[in-house]
1. Starting with the fewest neighbours, write out Ile167, Ile186 ranked by other beta-carbon atoms found within 10 Å of each beta-carbon.
2. Only Cα pairs under 8 Å and at least 6 apart count here; give the relative contact order of the chain as a rounded whole percent.
3. To the nearest Å, what is the center-to-center distance of the range 410-427 and the range 86-140, using C-alpha atoms only?
4. Can you give me the orientation-averaged projected area of the convex hull built on the Cα atoms of the range 367-411, in nm²?
5. Hey, fewest Cβ within 10 Å first, where do Phe423, Phe385, Phe288, Phe80 land in order?
6. Starting from the range 15-110, pick out the GluC sites (Glu not before Pro) whose DSSP state is loop and whose Cβ has at most 12 other Cβ atoms within 10 Å.
7. Could you compute the longest span of the chain free of trypsin sites (Lys or Arg not before Pro) located in DSSP loops and having at most 15 other Cβ atoms within 10 Å, not counting the site residues?
8. In whole angstrom, how long is each semi-axis of the equivalent ellipsoid of the range 165-428, when you take the square root of 5 times every eigenvalue of its Cα gyration tensor and sort them from largest down?
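Any read-out appearing in this document is the output of simple, stated calculations on the displayed coordinates, not a laboratory observation. From a predicted model like this one, the values you see are computed outputs, not experimental measurements. Quick reminder, even Gly has a Cβ in these numbers, built from the backbone with ideal geometry, and neighbours come from all protein chains shown.
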Amino acid sequence: MTFTSIHACRKSIRQKMEKCRMGTLMLIEGIDETRFYRQAHSDFSPVGWHLGHIAFTEAYWILERYAGLKPLFPEYHRLFAADGLPKCDRQKLPSLAEIQDYLDIVRTQVFDYLEIAPLDHQERLWRWLVQHESQHTETIAFILQLHHLSTQGNTLCQTGRTPRSFILTESFVPQGDQTPDKGQMIEIPAGEFEMGSDEIDAMDNERPCDRVFLDTYWIDRYPVTCQQYRAFIEAGGYQNHNWWSVEGWKWLQDNPVAYPLYWSDEPFWDNHPVYGVSWYEAEAYANFVGKRLPSEAEWEKAASWDVQKGCRHIYPWGDTEPTSYSCNHDNTVGHTTPVNAYPQGKSASGCYDMLGNVWEWTATWFDGYKGFVSYPYRGYSQAYFDGEHRVLRGGSWTTRPWGMRCSFRNWYYPSVRQILAGFRCATDG
Ligand code: AVJ
Ligand code: FE
């Protein structure tokens, strides 16, 4: 890097880190003690832990590993490292003020070091840190939704805001059920596409970019809506094992539910995507409409590949960073939006909402691509290549801009409903 470009690089990293932190702190502004210290669900740590972990991760990678400094707060290592305490033992935390101090003290020293950091070798890690914080901020948003759910009861607008209506410019025709209706599906012609990414922001699990051949398939233009999902509920979907896989039916018997975790019968939400469903519920719905879940390759090709031009895009709409016109993300709306609300965010193939609104379950088990190399540590991705996690794509209305791109891969156990995940369906050509 030249002197000017390294200077520009420092400045841009600093700005991203500041902007990212602002969003994190905005989310927890005015948080009460219960929500700060208590687990909302056994699979999730308390909000306070995530904040400490964000500071710890920055201190560990930048101050200890790069700057060679002694740990500032050695006692925080065990508490805030991901491989420290089990989730249920993360409730005895320092106070909110102490954790905020921790964040600030670390941040000041990190910015001091940034001025002299050899970014030629370190840029990837600095940018990884912004994404790391972004992901924990999203997890905090999931946890806040769960707290709302347990205190306010079940409504789709969990943020405490009045839901906003959208003036829609494109019509939306909900599809029928039972017969695979290709009317609202898009045909993706057979051929190769470029899957994954080698860009500097790409996580280890997105690399390396590779050409992948797919046969012709069809994919839903929109994520499955509440109205469509209601047909499944009303047809006795949760009572009829015919639609469920053996695994899925077993999950349902162990977790007797009859509608998504986040659900409302109000017509207002009819054209919003369904969310708060486990992978098994998504699979059962797909069977019900005679379809299946897309593989992650099918999802990514529909999101990123321009068949006409024969090239991939970082985002469905092209290569420019997301704005409030391209998709519902970054907590700006505060809830889901109708699935046709963002015509400007369409992919080249014509799919809506590929990024933002709700995460989308895919049929694929999380694994490394051919040529995978762990970065920055084995526990980031590789520890989850266990054949027990399903890949999700796309991002939700709480995803920060730094985690939004067509190649981004998320992963959770198929039983998890506590994330903002819905799905769309696919069929063979
Ligand atoms: C990609 C969201 C599944 O939160 O477990 C954060 C991201 N990894 N710190 C998670 C992550 C390490 C990860 N997910
Ligand atoms: Fe982490």
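1. Lowest to highest Cβ neighbour count: Ile167, Ile186.
2. Normalised by residue count, the contact order of the chain is 18 percent.
3. Cα centroid of the range 410-427 versus Cα centroid of the range 86-140: 28 Å apart.
4. 3.8 nm²
5. If I rank by nearby Cβ atoms, fewest first, I get Phe385, Phe288, Phe80, Phe423.
6. The qualifying sites are Glu29, Glu75.
7. By the stated rule (loop sites, at most 15 other Cβ atoms within 10 Å), 165-308.
8. Over the Cα atoms of the range 165-428, the semi-axes work out to 26, 22, 18 Å.
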